[in-house]
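> What follows is a structure written as structure tokens; I'll ask about it next.
Read-outs: derived from the displayed coordinates by stated rules, not from any lab. Bear in mind the structure is a predicted one, so any value in this text is a computation, not a measurement. Every residue, glycine among them, receives a Cβ derived from its backbone with ideal geometry; neighbour counts consider all protein chains shown.
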Amino acid sequence: MTEAPPTEQPTTGLPHDRTAVVTGAGSVRGIGRQAAARLARAGWSVAILDIDAEGAADTARSLGAEYGVTTLGVGADLTDPDAVDVAVSVVEGRLPPVVGLANIAGRSSPTPFLDVTPDEWDRVFAVNLRSAFLVSQRVLPSMLAQRVGRIVSVSSVSAQRGGGTYSTVAYSAAKAGLIGMSRALAREVSPLGVTVNCVAPGPVDTDIFGGPLSDDRRAAMSAQALVPRVATAHEVAALIAFLMGPDASYITAATYDINGGLQIS
């Protein structure tokens, strides 16, 4: 016997007054800051959650002044469920309803497998995967109540290739976990109006590689790519913003490669 369809169908549009939560956007040169800027430019209110409270506040102030939208920066340890709950509660109390989430907070790990300690393994998984789980779980009730939402998480080409750029096993495993989590979560919540997707960048010109890239490192990282250069944070941010926008309502459980052909899926 076929179940009757729900009486209230999910919406494909986005409400005019809406907030995007962006994690890991405190760094000036990071993907998170550029993604937050793209979303602010598109009319979102933006909440920045970052372990660096000063960086989060600075990003929020800058975006609010430039784009004339409501912004908020909140310092929080995103691996701590109590801290996440407090931070999101502050956002919910001061900004429009949360409709979007960009899980961008990350931590690299170039340590060879035999040298990885259990503590480092746990730290890498905590920042890259546990934080996405905690923040997603905390903001989902708002999206489900409105029957519309967007969750986009930043994985990595390392999850697909098994490293091979900078980080190694711990990072690759954690980023692969993000892809699996996103696909499974999409099965649960997309029928209720919330899309869940991943982007998987190749090398990007940010500080996650331990600082600004030299010309030699850029060349080495992009040597096997079909487009022989590293990506910019702006390029990755544009893809994130698209997946969180109104034209992406029929895209879910997808992993979008943005790697210049370094990995062909």
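> Just to confirm the number: angle between the C-alpha axis of helix 31-41 and the first principal axis of the chain, 0 to 90 degrees, nearest 10?
With both axes taken from Cα atoms, the answer is about 30 degrees.
> DSSP beta bridges in segment 19-258, what fraction antiparallel, as a percent rounded to 5?
Of those bridges, close to 0 percent are antiparallel.
> Can you give me the long-range amide H partners of Asp257? Hydrogens built in the peptide plane at 1.01 Å from N, cutoff under 5 Å, separation of 5 or more residues or another chain.
Those qualifying (amide H under 5 Å, at least 5 residues apart or on another chain) are Ala200.
> As I understand it, the value is the acute angle between the Cα axis of helix 233-243 and the longest principal axis of the Cα atoms of the chain; what does it come to in degrees, rounded to 10?
Once rounded, one gets 30 degrees.
> Report, in deg cm²/dmol and to the nearest 500, the calculated mean residue ellipticity at 222 nm for the chain, where each DSSP H run with n ≥ 4 adds -39500 (n - 2.57) and the sum is divided by the residue count.
Working: 9 runs with 108 residues, N = 265.
The helix contribution divided over the chain gives -12500 deg cm²/dmol.
> Can I ask one more? What is the set of long-range amide H partners of Ala225 at a cut-off below 5 Å, with H atoms built 1.01 Å from backbone N?
Here nothing satisfies the definition.
> Still on this structure, I have one more. With the Cα gyration tensor of the chain in hand, give its eigenvalues times 5 under a square root as the equivalent ellipsoid semi-axes, listed largest first in whole angstrom.
After diagonalising the Cα gyration tensor, the semi-axes are 29, 21, 18 Å.
> Listed highest first by mean packing, meaning other Cβ atoms within 10 Å per residue, what order do 62-73, 172-183 come in?
Packing proxy ranking, top to bottom: 172-183, 62-73.
> Then there's this: Test of understanding: what is the full-extension gain from Glu54 to Asp80, defined as 0.36 nm times their sequence separation minus their Cα-Cα distance?
Fully extending the segment from Glu54 to Asp80 adds 7.5 nm.
> Okay, moving on. Using packing as a proxy for protection, rank 234-242, 185-193 so that the peptide with the highest average count of other Cβ atoms within 10 Å comes first. Could the numbers behind the result be given before it?
Working: 234-242: 21.3, 185-193: 16.4.
The peptides rank, most packed first, as 234-242, 185-193.
> Suppose every K and R has +1 on its Cβ and every D and E has -1 on its Cβ; what is the size of the dipole of segment 20-177 about the Cα centre, in Debye to the nearest 20? Each step should come with its number before you reach the end.
On the way: 14 positive and 14 negative charges, 155 e Å.
The calculation lands at about 740 debye.
> Separate question: Could you sort the peptides 100-106, 28-34 by per-residue average Cβ neighbour count (10 Å cutoff), highest mean leading?
100-106, 28-34
> Could you work out how far helix 53-67 tilts from the main Cα principal axis of the chain, as a 0 to 90 degree angle to the nearest 10?
60 degrees
> Compute the distance in nm between two label points, each set 7 Å from the Cα along the Cα-to-Cβ direction, one at Ala65 and one at Glu120.
In this crude spin-label approximation the distance works out to 4.0 nm.
> Taking H placed 1.01 Å from N in the peptide plane, check which residues at least 5 places from Arg107 or on another chain put their amide H under 5 Å from its amide H.
Correct list: Asn128.
> Another question about this same structure. In debye, nearest 20: dipole of the chain around its Cα centre with unit charges on the Cβ of K, R (+) and D, E (-)?
Rounded to the nearest 20 debye, it is 580 debye.
> Another one. Among Gly43, Pro97, Val227, whose Cα sits farthest toward the positive end of the charge dipole of the chain (+1 at Cβ of Lys/Arg, -1 at Cβ of Asp/Glu, about the Cα centre)?
Checked the options; the winner is Val227.
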